[in-house]
Amino acid sequence: MKVSWKDLKISWKIISLGIAMILLFIVAVFGLALPRIENSYLNKKREKIKDIVETAISVVADLDEQQQKGIITLQEAQQRLLQ
């Protein structure tokens, strides 16, 4: 028994169109918005990691400079890095 669109009651037509709109909205959110949000989140994470690495390199360079000038010993520099 086939049911055509013309044979459906108006209430079923409205309900089916509403469901179709909700499904399209869900597809749009997951297909378009989420990848953009994810990329934004990953870019922020990369920036934070980059800042942390730059800070660590700066600390190591500063301690290396102090050790080269004889202000602190190699062991003191290594201890400070581990703290």
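Here are the numbers for the structure shown:
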{"quantity": "Near pairs, Cβ below 8 angstrom, 6+ apart or cross-chain, from the range 1-22 (surrounded by fewer than 10 Cβ atoms within 10 Å (Cβ to Cβ) and of a type outside the set (Lys, Arg)) to any residue that is part of a loop (DSSP other than H, G, I, E, B) and modelled with pLDDT under 85", "calculated": "none"}
{"quantity": "Extreme residue, farthest from Lys6 (Cα to Cα), among residues of the range 17-69 that are small (Gly, Ala, Ser) and modelled with pLDDT of 90 or more", "calculated": "Ala61"}
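The values are calculated or read from the model by the stated rules, or taken from the named source; none is laboratory data. Keep in mind that this is a model prediction, so the values were computed, not measured. Glycine also receives a Cβ, built like all others from the backbone with ideal geometry; neighbour counts cover every protein chain displayed.
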